[in-house]
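The structure appears right after this line, and notes come after that.
The values are calculated or read from the model by the stated rules, or taken from the named source; none is laboratory data. It should be emphasised that the depicted structure is a prediction, and the values quoted were computed from it without experimental measurement. All Cβ positions, even for glycine, are placed from backbone atoms using ideal geometry, and neighbour counts span all protein chains on display.
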Amino acid sequence: MADIFQEVEEDLRRDRYERLAKAYGGHVIAGVLLLVAGTAGYVLWKDRHEASQQAATLQLAQAVDQAGLSGHAPVAGGAGALDTIASGGPSGAAGLARFFQAGLKAGSNDRAAAITLYEGLAGDPSVAPLYQQLATLMAVQLQINDGDPAALTARLDPLGAQTSPWRFTARELRALLAARTGDTAGARTLFQQLADDNGAPAGLRVRAAELAAFYGKS
């Protein structure tokens, strides 16, 4: 009989997490994509101020547009143009092209390919540490529902440090992992800390407050 109650409890826990992921997963993704967009904007600005990078920057901007990542409808060959830059462009443009490649794969539900691309960026010493960390964050996010919670948490912990520019998203993902494993008390604490953090983005604070209240009732 005890086994039956345990199975029911696990089913309820799984259902709660799945509803949570469906309701809030998109917000997490959107937040991370905004970070990527900001990163992209900075890199493009930086590249424009370096003569040797100007042509590559223009090509990258055109490829991004053709691939449909700038809000316009994609055109034939757009993804191929990104591939060309990623494999043979200057390091700055090539690295950013790889980020966009991964985004395309994720957007087309080719999650395995996207994870592989992000993991490649995260482990590439030629990529600046800031962007290696971003790639790690994106790889973890794509595995949030089915990856090994302990391994993912260990990867998120350094990104949640107070000095990390990615700390708020990392902490939110860490809280989602706690929820997934049934650690409702830990999830509530993490969400409440985010809700109380005046440095966190306003939308994230509101979302975290709602989730803290939700897990306070669990």
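For the stretch 100-117, a residue qualifies if it is out of contact with any helix residue (DSSP H, G or I) (no Cβ under 8 Å at 6 or more places or on another chain) and not small (G, A, S), and the qualifying residues are N109, D110, T116. Within the stretch 146-158, the set of residues being out of contact with any Leu (no Cβ under 7 Å at 6 or more places or on another chain) and either within 12 Å of A170 (Cα to Cα) or surrounded by 14 or more Cβ atoms within 10 Å (Cβ to Cβ) (or both) comprises G147, A154, R155, D157, P158. Got a sec? Which of Y215, Y131 is modelled with pLDDT under 90, surrounded by 19 or more Cβ atoms within 10 Å (Cβ to Cβ) and over 28 Å from L96 (Cα atoms)? Only one candidate passes the filter, namely Y215.
In the stretch 148-166 there is no residue that is modelled with pLDDT under 95, among the acidic types (D, E) and part of a loop (DSSP other than H, G, I, E, B). Would a scan of the stretch 171-194 turn up a residue that is farther than 26 Å from G103 by Cα, part of a helix (DSSP H, G or I), of a type in the set (F, W, Y) and in contact (Cβ under 8 Å) with a residue 40 or more places away in the chain? Within the stretch 171-194, none of the residues are farther than 26 Å from G103 by Cα, part of a helix (DSSP H, G or I), of a type in the set (F, W, Y) and in contact (Cβ under 8 Å) with a residue 40 or more places away in the chain.
Taken residue by residue, the stretch 128-149 has no member that is β-branched (V, I, T) and more than 17 Å from the chain's Cα centre (by Cα). Considered as a group, the residues in the stretch 109-127 that are within 14 Å of the chain's Cα centre (by Cα) and touching a residue at least 12 places away in the same chain (Cβ under 8 Å) include one that is surrounded by the most Cβ atoms within 10 Å (Cβ to Cβ), and that residue is Y118.
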